[in-house]
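Structure, as structure tokens:
The values are calculated or read from the model by the stated rules, or taken from the named source; none is laboratory data. Here the structure is a predicted model, which means the values were calculated and not measured. When we count neighbours, we look across all protein chains shown, and the Cβ atoms used for this are built from the backbone with ideal geometry, even at glycine. Surface accessibility is based on the protein's heavy atoms, side chains included, excluding ligands, DNA and RNA. Shrake-Rupley method; radii C 1.70, N 1.55, O 1.52, S 1.80 Å.
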Amino acid sequence: MTSKYKKGKYLQVLGLTFCFLMMLLSKTGASTELDFLSKNVENCPVRILSIDGGGVRGIIPLTFLSWLETETQKRSYEMFSIVGGTSAGSMIAAAITQPANPDEDFHNWYPKYKADDLINLFLNEKCNIFRKNESYLSGILKPLYDSSSLDQVMDRYYGKTTFDKSLIPTATVSFDVWARKLKIFKSWDKKEIYFTKDVVRSSAAAPILFSAHSVAPLKGPSTLYSTYIDGAILATNPTAHLLAEAKALYPKSKTFEVVSLGTGLNEDSISSRVYKVMRSPYKLRDHVLEACLIRGQSAPVEASMEKDPDINFNLRFNPVLDSDYLALDDIREDTFTHLRNLTTRYIHENADQFKTLVKRLKETQPASPPLHGSI
């Protein structure tokens, strides 16, 4: 009995000593991983990557991201705290943050795609993405392009990976037809789980070009189907929405940095546009979409970003685009060559500005996202 009593007392002393030491450590600044992340968010900038919609013109931000990855020797997801996009931008955002091995422990995840891989996606899959609908009613009572072919492309590149398994917080912007409002799919929203391919397809369902996309969450408060169309209806440039989401996701952060990638900007005057449409009436659709969805929506967003007091670094990448290359669905080989060359030339012409960005991305770490599954 005496031996057992002494052993019990010994264990009690050990336990009390351990508790006392833990109290001392907590008061003297020793930190857990969660504490570290909290401090990291306070001390490091929350860096946002926003990618516009623009159909085949998505090759422009992709070419810039490829250059950025080469210059920094980092993958895109390593340079930012949150990534998001609309339409073609959603395809890029979801792909650069998709893990190659989502079924393994998240500590072992690594990216499935780099920007160069996605350039090849655009080049190799362009005919499958924009496969003509064979119906003679296409473009009138039916979409111009075969949505089932687009769905197959989504299956090939995103598979059965769910959006919540993104490497860092990722968002795509769509428009809910029945609710008549924007829908932002968020990888960190654990209350609603979707396949990545469905959130991308919902964001890229451009009216006239593709059919709307109906989907229900795999997990969520409601399992009812909703119908979505392209988020470019209201937010071709999603930067303002991503900034609002970043502020909510990182409430302790005091510094925000924005890198916003456009898909080209046409600066023709209205009279010039009218003249060109009169010469080529079939280009009317392209000029209307450019004026209303791309240029018309992006200008006020860019102005608001310039005035936001919480942003201490703001870069907008958007080369000037000739009116011959406005189409969102122009899959000619020379169009892709022209857009890539245009982007490369724009980078070289603004080398000082972009080298400053590269230096910033290499030397300053972005705020770390919260632990996966803890958001």
Notebook entry, point to check: Which pairs in the list LYS132/LYS183; LYS219/LYS252; LYS114/LYS191; LYS114/LYS186; LYS186/LYS252; LYS160/LYS247 are over 25 Å apart, alpha-carbon to alpha-carbon?
Noted result: LYS132/LYS183; LYS219/LYS252; LYS114/LYS191; LYS160/LYS247
Next item on the list: Enter the accessible area of MET91 (Å², nearest 10), with the probe set to 1.4 Å and all protein chains included.
Entry: 20
Next item on the list: Can you send over the solvent-accessible area of GLU302, 1.4 Å probe, protein chains only, in Å² to the nearest 10?
Entry: 70
Check: Just by accessible area at a 1.4 angstrom probe, what is the order of LYS191, LYS74 from largest to smallest?
Finding: LYS191, LYS74
Notebook entry, point to check: Which percent of the accessible heavy-atom area of segment 48-181 goes to carbon and sulfur, probe 1.4 angstrom?
Noted result: 49
Next item on the list: Label segment 51-114 by shape, choosing from rounded, prolate and oblate, from the square roots a ≥ b ≥ c of the eigenvalues of the Cα gyration tensor; if a/c is under 1.5 it is rounded, and otherwise prolate applies when a/b is larger than b/c, oblate when it is not.
Entry: oblate
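Hey, with R₀ at 22 Å, roughly what FRET efficiency would LEU224 and LYS160 work out to, going by the Cβ-Cβ distance, to 0.05? Present the calculation step by step, with values, prior to reporting the outcome.
Working: r = 22 Å, r/R0 = 1.00.
Efficiency computed from Cβ-Cβ geometry: 0.50.
For segment 46-155, what relative contact order do you get, as a whole percent, if you take Cα pairs closer than 8 Å and at least 6 residues apart?
Details: 132 pairs, mean separation 26.4, N = 110.
About 24 percent, as a whole number.
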